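The values are calculated or read from the model by the stated rules, or taken from the named source; none is laboratory data. Not measured: the values here are computed from a predicted model. FYI the Cβ positions are ideal-geometry reconstructions off the backbone, even for glycines, and counts take in every protein chain you see. Ligands, DNA and RNA are excluded from the accessible area calculation, which covers all protein heavy atoms including side chains. Shrake-Rupley method; radii C 1.70, N 1.55, O 1.52, S 1.80 Å.
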Amino acid sequence: MRSRFFPGLGLRFASIAFYSTLAFSQNTANDVPPVIDVHVHAMDESFPGGGPMRPNTPRFLASDPATKEAPFGWDAQDQCTPKLYPAAKGEYIKDVVAEMERLNVTAVVFGDPAGVKKWKDAAPNRVIPGTSFNEGMTPGKRVALDELRKNFTQDGFKVMGEIGLQYEGISPSDPSVDQFFALAEELDVPVAIHMGTGGSGRANIAMRKFRGSMGDPLLLEDLLARHPKLRVQVMHAGYPLIDNMLTLLQANSHVYVDVAGLIWSYPLKEVNRYIERLVDAGFEDRVMFGTDQLEWPKLMAYSISIIQNADYLTPGQKRDILYNNAARFLRLNPAESKKP
Ligand SMILES: [Zn+2]
(Lines give C-alpha, C1' and ligand atoms only; values in the text may rest on other atoms or scores of the structure.)
Protein backbone atom coordinates (compact mmCIF):
# COMPACT_ATOMS: atom_id res chain seq x y z
CA MET A 1 0.00 0.00 0.00
CA ARG A 2 1.21 3.52 -0.60
CA SER A 3 0.51 6.27 1.78
CA ARG A 4 -0.14 8.90 -0.77
CA PHE A 5 -3.69 7.57 -0.46
CA PHE A 6 -4.07 9.46 2.75
CA PRO A 7 -2.91 13.02 2.22
CA GLY A 8 -4.16 15.24 4.99
CA LEU A 9 -6.02 12.44 6.65
CA GLY A 10 -6.98 13.20 10.19
CA LEU A 11 -7.19 16.92 9.51
CA ARG A 12 -7.71 19.34 12.29
CA PHE A 13 -9.10 17.67 15.34
CA ALA A 14 -7.77 18.59 18.71
CA SER A 15 -5.32 15.98 19.84
CA ILE A 16 -7.14 13.57 22.07
CA ALA A 17 -6.04 11.61 25.07
CA PHE A 18 -6.62 8.39 23.13
CA TYR A 19 -3.11 8.75 21.84
CA SER A 20 -1.69 8.29 25.27
CA THR A 21 -3.33 4.86 25.44
CA LEU A 22 -0.61 3.81 23.00
CA ALA A 23 2.02 4.38 25.64
CA PHE A 24 3.10 0.95 26.72
CA SER A 25 4.87 -0.10 29.88
CA GLN A 26 8.60 0.40 30.00
CA ASN A 27 9.46 -3.12 28.99
CA THR A 28 12.73 -3.59 27.27
CA ALA A 29 13.09 -5.85 24.26
CA ASN A 30 14.36 -8.56 26.58
CA ASP A 31 10.98 -8.78 28.31
CA VAL A 32 8.93 -8.74 25.14
CA PRO A 33 8.40 -11.84 22.99
CA PRO A 34 9.85 -11.37 19.51
CA VAL A 35 7.72 -10.12 16.64
CA ILE A 36 8.40 -10.26 12.92
CA ASP A 37 6.86 -7.54 10.75
CA VAL A 38 7.03 -8.94 7.22
CA HIS A 39 6.00 -5.73 5.46
CA VAL A 40 7.85 -2.46 6.05
CA HIS A 41 8.82 0.17 3.48
CA ALA A 42 12.31 1.71 3.41
CA MET A 43 11.29 5.32 3.53
CA ASP A 44 13.57 8.13 4.69
CA GLU A 45 10.80 10.35 5.91
CA SER A 46 7.14 10.41 6.69
CA PHE A 47 5.50 11.59 3.47
CA PRO A 48 5.82 15.36 3.12
CA GLY A 49 2.44 16.96 3.66
CA GLY A 50 1.00 13.85 5.24
CA GLY A 51 -0.94 14.39 8.41
CA PRO A 52 -2.17 12.49 11.43
CA MET A 53 -4.22 9.43 10.57
CA ARG A 54 -6.94 7.57 12.40
CA PRO A 55 -6.56 3.89 11.60
CA ASN A 56 -9.46 1.51 10.98
CA THR A 57 -11.82 3.99 9.38
CA PRO A 58 -15.38 2.91 10.21
CA ARG A 59 -16.70 3.78 6.76
CA PHE A 60 -15.80 4.81 3.24
CA LEU A 61 -17.66 7.95 2.25
CA ALA A 62 -19.70 8.38 -0.91
CA SER A 63 -18.76 11.25 -3.17
CA ASP A 64 -20.23 13.07 -6.13
CA PRO A 65 -18.07 13.40 -9.26
CA ALA A 66 -19.67 16.79 -9.86
CA THR A 67 -17.75 18.07 -6.82
CA LYS A 68 -14.03 18.16 -6.14
CA GLU A 69 -13.38 14.71 -4.73
CA ALA A 70 -10.66 13.93 -2.22
CA PRO A 71 -8.23 11.18 -3.30
CA PHE A 72 -9.27 9.09 -0.32
CA GLY A 73 -12.66 8.18 1.05
CA TRP A 74 -11.91 7.64 4.70
CA ASP A 75 -14.18 9.15 7.29
CA ALA A 76 -11.84 11.70 8.84
CA GLN A 77 -14.55 12.78 11.29
CA ASP A 78 -14.51 9.48 13.12
CA GLN A 79 -12.95 9.56 16.55
CA CYS A 80 -13.08 5.90 17.48
CA THR A 81 -9.38 5.19 17.09
CA PRO A 82 -6.32 7.13 18.21
CA LYS A 83 -4.58 9.51 15.85
CA LEU A 84 -1.20 8.33 14.64
CA TYR A 85 1.26 11.08 13.81
CA PRO A 86 4.00 11.34 11.17
CA ALA A 87 7.57 11.67 12.38
CA ALA A 88 9.30 15.02 12.58
CA LYS A 89 11.52 15.82 9.62
CA GLY A 90 14.71 13.76 9.62
CA GLU A 91 13.52 11.46 12.41
CA TYR A 92 11.40 8.80 10.74
CA ILE A 93 13.96 5.98 10.55
CA LYS A 94 15.22 6.72 14.05
CA ASP A 95 11.68 6.74 15.46
CA VAL A 96 10.65 3.47 13.79
CA VAL A 97 13.90 1.74 14.79
CA ALA A 98 13.28 2.86 18.40
CA GLU A 99 9.83 1.28 18.20
CA MET A 100 11.34 -1.90 16.78
CA GLU A 101 13.73 -2.05 19.74
CA ARG A 102 10.99 -1.36 22.27
CA LEU A 103 8.61 -3.90 20.75
CA ASN A 104 11.33 -6.45 19.91
CA VAL A 105 10.48 -6.39 16.20
CA THR A 106 12.52 -7.74 13.32
CA ALA A 107 11.24 -6.41 10.01
CA VAL A 108 11.45 -7.26 6.35
CA VAL A 109 12.17 -3.83 4.85
CA PHE A 110 11.39 -3.37 1.17
CA GLY A 111 12.71 -0.72 -1.18
CA ASP A 112 15.41 0.15 -3.65
CA PRO A 113 18.81 -1.19 -2.55
CA ALA A 114 20.21 2.19 -1.47
CA GLY A 115 17.14 2.96 0.63
CA VAL A 116 17.14 -0.44 2.29
CA LYS A 117 20.83 -0.10 3.10
CA LYS A 118 20.07 2.97 5.23
CA TRP A 119 17.69 0.85 7.31
CA LYS A 120 20.12 -2.02 7.54
CA ASP A 121 22.80 0.38 8.76
CA ALA A 122 20.39 1.87 11.32
CA ALA A 123 19.35 -1.52 12.72
CA PRO A 124 21.68 -4.26 11.44
CA ASN A 125 20.17 -7.04 13.56
CA ARG A 126 16.55 -6.10 13.06
CA VAL A 127 16.31 -5.57 9.30
CA ILE A 128 15.83 -8.30 6.69
CA PRO A 129 16.38 -6.64 3.31
CA GLY A 130 13.88 -6.95 0.47
CA THR A 131 13.83 -5.48 -3.01
CA SER A 132 11.83 -5.96 -6.18
CA PHE A 133 11.83 -5.54 -9.92
CA ASN A 134 9.19 -2.83 -9.96
CA GLU A 135 10.15 -0.50 -7.18
CA GLY A 136 9.16 3.06 -7.83
CA MET A 137 5.92 4.50 -9.03
CA THR A 138 6.51 4.33 -12.78
CA PRO A 139 4.35 1.63 -14.35
CA GLY A 140 6.33 -0.74 -16.52
CA LYS A 141 9.69 0.37 -15.15
CA ARG A 142 11.73 -2.76 -14.39
CA VAL A 143 15.03 -3.51 -12.75
CA ALA A 144 17.41 -5.43 -15.05
CA LEU A 145 17.38 -9.15 -14.37
CA ASP A 146 21.15 -9.32 -13.84
CA GLU A 147 20.98 -6.48 -11.37
CA LEU A 148 18.26 -8.27 -9.44
CA ARG A 149 20.25 -11.49 -9.47
CA LYS A 150 23.19 -9.61 -7.97
CA ASN A 151 20.95 -8.15 -5.25
CA PHE A 152 20.05 -11.64 -4.07
CA THR A 153 23.31 -13.50 -4.68
CA GLN A 154 25.83 -10.84 -3.60
CA ASP A 155 24.15 -7.96 -1.80
CA GLY A 156 22.32 -9.86 0.93
CA PHE A 157 18.70 -9.36 -0.09
CA LYS A 158 16.37 -12.06 1.19
CA VAL A 159 12.85 -11.39 -0.13
CA MET A 160 11.66 -10.21 -3.57
CA GLY A 161 9.04 -7.54 -2.87
CA GLU A 162 6.94 -5.51 -2.71
CA ILE A 163 5.78 -6.58 -6.14
CA GLY A 164 3.05 -4.07 -6.97
CA LEU A 165 1.79 -5.23 -10.34
CA GLN A 166 -1.80 -4.62 -9.27
CA TYR A 167 -1.07 -0.88 -9.28
CA GLU A 168 -0.18 -1.26 -12.95
CA GLY A 169 -3.31 -3.28 -13.68
CA ILE A 170 -1.20 -6.37 -14.40
CA SER A 171 -1.76 -9.94 -13.24
CA PRO A 172 1.09 -11.67 -11.35
CA SER A 173 0.79 -14.46 -13.92
CA ASP A 174 1.43 -12.05 -16.82
CA PRO A 175 4.17 -13.52 -19.07
CA SER A 176 5.97 -10.15 -19.23
CA VAL A 177 7.14 -10.56 -15.62
CA ASP A 178 7.67 -14.30 -15.57
CA GLN A 179 11.46 -14.04 -15.83
CA PHE A 180 11.57 -12.36 -12.43
CA PHE A 181 9.55 -15.08 -10.75
CA ALA A 182 11.66 -17.71 -12.50
CA LEU A 183 14.73 -16.06 -10.96
CA ALA A 184 13.13 -16.13 -7.49
CA GLU A 185 12.35 -19.82 -7.89
CA GLU A 186 15.86 -20.56 -9.14
CA LEU A 187 17.49 -18.70 -6.24
CA ASP A 188 14.93 -20.02 -3.71
CA VAL A 189 14.01 -16.47 -2.69
CA PRO A 190 10.46 -15.90 -1.41
CA VAL A 191 8.34 -13.36 -3.30
CA ALA A 192 5.98 -10.84 -1.69
CA ILE A 193 3.17 -9.70 -3.96
CA HIS A 194 0.59 -6.98 -3.34
CA MET A 195 -2.79 -8.67 -3.75
CA GLY A 196 -6.12 -7.21 -2.78
CA THR A 197 -6.47 -3.99 -0.89
CA GLY A 198 -6.99 -0.71 -2.71
CA GLY A 199 -6.99 1.11 0.55
CA SER A 200 -8.41 4.51 -0.08
CA GLY A 201 -11.97 4.09 -1.27
CA ARG A 202 -11.15 6.33 -4.25
CA ALA A 203 -8.84 4.16 -6.33
CA ASN A 204 -10.55 5.32 -9.50
CA ILE A 205 -9.40 8.86 -8.77
CA ALA A 206 -6.06 8.41 -7.02
CA MET A 207 -4.68 5.36 -8.84
CA ARG A 208 -6.02 5.18 -12.35
CA LYS A 209 -4.20 2.01 -13.38
CA PHE A 210 -5.02 0.07 -10.21
CA ARG A 211 -7.43 -2.80 -10.75
CA GLY A 212 -9.16 -4.58 -7.90
CA SER A 213 -9.60 -7.58 -10.18
CA MET A 214 -5.80 -7.93 -10.50
CA GLY A 215 -5.66 -8.57 -6.75
CA ASP A 216 -7.66 -11.76 -6.99
CA PRO A 217 -5.57 -14.44 -5.22
CA LEU A 218 -6.60 -16.99 -7.84
CA LEU A 219 -4.58 -15.02 -10.41
CA LEU A 220 -1.55 -16.59 -8.71
CA GLU A 221 -2.59 -20.09 -9.77
CA ASP A 222 -0.98 -20.03 -13.22
CA LEU A 223 2.21 -18.54 -11.77
CA LEU A 224 2.37 -21.26 -9.12
CA ALA A 225 1.74 -23.94 -11.72
CA ARG A 226 4.66 -22.64 -13.79
CA HIS A 227 6.88 -22.34 -10.74
CA PRO A 228 5.90 -25.10 -8.32
CA LYS A 229 8.71 -24.34 -5.86
CA LEU A 230 7.98 -20.63 -5.60
CA ARG A 231 7.31 -19.46 -2.04
CA VAL A 232 4.70 -16.69 -2.04
CA GLN A 233 3.70 -14.08 0.51
CA VAL A 234 0.30 -12.74 -0.50
CA MET A 235 0.51 -9.22 0.86
CA HIS A 236 -2.66 -7.85 2.42
CA ALA A 237 -4.06 -11.41 2.40
CA GLY A 238 -6.00 -10.85 -0.80
CA TYR A 239 -8.50 -8.73 1.12
CA PRO A 240 -11.46 -8.78 0.69
CA LEU A 241 -11.60 -11.87 -1.52
CA ILE A 242 -11.59 -14.37 1.31
CA ASP A 243 -13.14 -17.31 -0.55
CA ASN A 244 -10.57 -17.11 -3.32
CA MET A 245 -7.79 -16.63 -0.80
CA LEU A 246 -8.85 -19.79 1.03
CA THR A 247 -9.07 -21.65 -2.26
CA LEU A 248 -5.47 -20.72 -3.04
CA LEU A 249 -4.24 -21.61 0.46
CA GLN A 250 -5.94 -24.98 0.21
CA ALA A 251 -4.30 -25.69 -3.13
CA ASN A 252 -0.79 -24.42 -2.36
CA SER A 253 0.88 -25.17 0.94
CA HIS A 254 3.78 -22.79 0.49
CA VAL A 255 1.56 -19.78 0.04
CA TYR A 256 1.43 -17.55 3.13
CA VAL A 257 -0.47 -14.31 3.70
CA ASP A 258 0.37 -11.09 5.52
CA VAL A 259 -2.22 -8.90 7.18
CA ALA A 260 -0.27 -5.68 6.61
CA GLY A 261 -2.19 -2.58 5.62
CA LEU A 262 -5.41 -4.49 5.87
CA ILE A 263 -5.06 -4.60 9.66
CA TRP A 264 -5.41 -0.82 10.07
CA SER A 265 -7.09 0.30 6.84
CA TYR A 266 -10.59 -1.13 7.23
CA PRO A 267 -13.32 -1.18 9.87
CA LEU A 268 -12.01 -3.07 12.88
CA LYS A 269 -14.86 -5.57 13.09
CA GLU A 270 -14.29 -6.46 9.44
CA VAL A 271 -10.51 -6.82 9.95
CA ASN A 272 -11.04 -9.21 12.84
CA ARG A 273 -13.65 -11.16 10.92
CA TYR A 274 -11.23 -11.59 8.01
CA ILE A 275 -8.34 -12.79 10.16
CA GLU A 276 -10.66 -15.06 12.13
CA ARG A 277 -11.93 -16.59 8.91
CA LEU A 278 -8.35 -17.39 7.78
CA VAL A 279 -7.62 -19.04 11.12
CA ASP A 280 -10.94 -20.84 11.42
CA ALA A 281 -10.42 -22.29 7.94
CA GLY A 282 -7.30 -24.01 9.25
CA PHE A 283 -4.53 -21.65 8.17
CA GLU A 284 -3.24 -20.40 11.50
CA ASP A 285 0.23 -21.54 10.38
CA ARG A 286 0.20 -19.29 7.31
CA VAL A 287 -0.96 -15.91 8.57
CA MET A 288 1.93 -13.49 9.14
CA PHE A 289 1.89 -10.18 10.95
CA GLY A 290 2.81 -7.03 9.05
CA THR A 291 2.15 -3.33 9.18
CA ASP A 292 2.90 -1.80 5.78
CA GLN A 293 4.82 0.68 7.95
CA LEU A 294 5.19 3.83 5.89
CA GLU A 295 4.52 7.04 7.67
CA TRP A 296 3.45 6.89 11.30
CA PRO A 297 6.04 5.39 13.71
CA LYS A 298 3.38 4.26 16.22
CA LEU A 299 1.59 2.23 13.55
CA MET A 300 3.64 -0.82 14.51
CA ALA A 301 2.52 -0.81 18.16
CA TYR A 302 -1.05 -0.09 17.15
CA SER A 303 -1.12 -2.98 14.66
CA ILE A 304 0.45 -5.45 17.11
CA SER A 305 -2.25 -4.53 19.62
CA ILE A 306 -4.96 -5.68 17.24
CA ILE A 307 -3.51 -9.20 17.21
CA GLN A 308 -2.79 -9.12 20.96
CA ASN A 309 -6.36 -8.05 21.70
CA ALA A 310 -8.06 -10.52 19.35
CA ASP A 311 -10.34 -12.54 21.63
CA TYR A 312 -10.85 -15.19 18.93
CA LEU A 313 -7.15 -16.15 18.92
CA THR A 314 -5.48 -18.39 21.48
CA PRO A 315 -2.16 -17.23 22.97
CA GLY A 316 -0.44 -19.82 20.77
CA GLN A 317 -2.15 -18.55 17.64
CA LYS A 318 -1.11 -14.99 18.48
CA ARG A 319 2.54 -16.10 18.76
CA ASP A 320 2.21 -17.95 15.46
CA ILE A 321 0.88 -14.86 13.68
CA LEU A 322 3.28 -12.42 15.36
CA TYR A 323 6.40 -14.54 14.97
CA ASN A 324 6.47 -18.27 14.32
CA ASN A 325 4.83 -18.34 10.90
CA ALA A 326 7.14 -15.68 9.46
CA ALA A 327 10.20 -17.34 11.01
CA ARG A 328 9.24 -20.56 9.21
CA PHE A 329 8.41 -18.81 5.92
CA LEU A 330 11.68 -16.86 5.97
CA ARG A 331 13.65 -19.86 7.31
CA LEU A 332 15.16 -17.67 9.99
CA ASN A 333 15.80 -19.98 12.83
CA PRO A 334 14.44 -23.42 13.51
CA ALA A 335 13.78 -22.48 17.14
CA GLU A 336 10.23 -21.17 17.33
CA SER A 337 9.39 -18.62 19.99
CA LYS A 338 7.86 -20.21 23.03
CA LYS A 339 4.10 -20.58 22.98
CA PRO A 340 2.67 -19.53 26.32
ZN1 LIG B 1 0.88 -3.27 -0.71
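Things to note:
- Straight-line reach from K68: taking Cα to Cα under 28 Å and skipping same-chain neighbours fewer than 8 places apart, the lysines in range are K83, K209.
- Net charge of neighbours whose Cβ lies under 14 Å from the Cβ of N204, counting Lys and Arg as +1 and Asp and Glu as -1: +2
- Carbon + sulfur, % of accessible area of the range 193-248 - ligands and nucleic acids excluded, 1.4 Å: 51 percent
- Under the span-like rule (Cα at least 15 Å along the axis, Kyte-Doolittle mean at least -1.0), DSSP H helices of the chain: 92-103, 268-280
- Computed on the range 186-312, with alpha-carbon pairs under 8 angstrom and 6+ residues apart, the relative contact order is 23 percent.
- Given +1 at the Cβ of Lys and Arg, -1 at the Cβ of Asp and Glu and no other charges, the dipole of the chain around its Cα centre is 480 debye to the nearest 20.
- Sparse-neighbourhood loop sites, trypsin sites (Lys or Arg not before Pro) in the range 34-84 - DSSP loop, at most 15 other Cβ within 10 angstrom: R59, K68
- Label-zone membership for the range 33-59, site K68, 7 angstrom Cα→C-beta point, backbone N under 19 Å: 49-51
- Net length available on complete extension from T247 to D178 is 22.6 nm, with 0.36 nm assigned per residue and the Cα-Cα distance removed.
- Largest GNM mean-square fluctuation across L223, L84, L187, computed for the chain with C-alpha springs under 10 Å, falls on L187.
- Of the trypsin sites (Lys or Arg not before Pro) in the range 178-267, the ones in a loop by DSSP (not H, G, I, E or B) with at most 11 other beta carbons within 10 Å are R208, K229.
- From its DSSP helices (H runs of at least four residues, each -39,500 (n - 2.57)), the chain gives a residue-normalised ellipticity at 222 nm of -8000 deg cm²/dmol.
- Counting only Cβ charges, +1 for Lys and Arg and -1 for Asp and Glu, the dipole size of the range 91-171 around its Cα centre is about 200 debye.
- Most mobile listed residue (S303, S253, S132) in the chain, GNM with C-alpha springs under 10 Å: S253
- Global geometry of the range 237-292, whether rounded, prolate or oblate, following the gyration tensor of its Cα atoms and the 1.5 cut on a/c: prolate
- Gain upon complete extension [L61, E186; 0.36 nm per residue less C-alpha separation]: 40.5 nm
- Here the relative contact order of the chain, from alpha carbon pairs under 8 Å that lie six or more residues apart, stands at 20 percent.
- Ignoring lysines fewer than eight residues from K229 along the same chain, the ones with Cα atoms less than 18 angstrom from its Cα are K158.
- Mean accessible surface per residue for the chain, computed with a 1.4 Å probe while every protein chain stays in place, in Å²: 43 Å²
- Highest-fluctuation residue, N151, N204, N104 considered, GNM on the chain with Cα pairs under 10 Å: N204
- For the range 296-333 and the range 251-279, distance of Cα centres in Å: 12 Å
- Once the Cα-Cα distance is subtracted from the 0.36 nm per residue extended length, the I205 to D285 segment shows a gain of 25.1 nm.
- Taking every alpha-carbon pair under 8 Å whose residues sit at least 6 apart, the range 168-222 reaches a relative contact order of 53 percent.
- In the range 129-174, taking the dipole from charged Cβ atoms about the Cα centre, the farthest positive-side position among F157, G169, T138 is held by F157.
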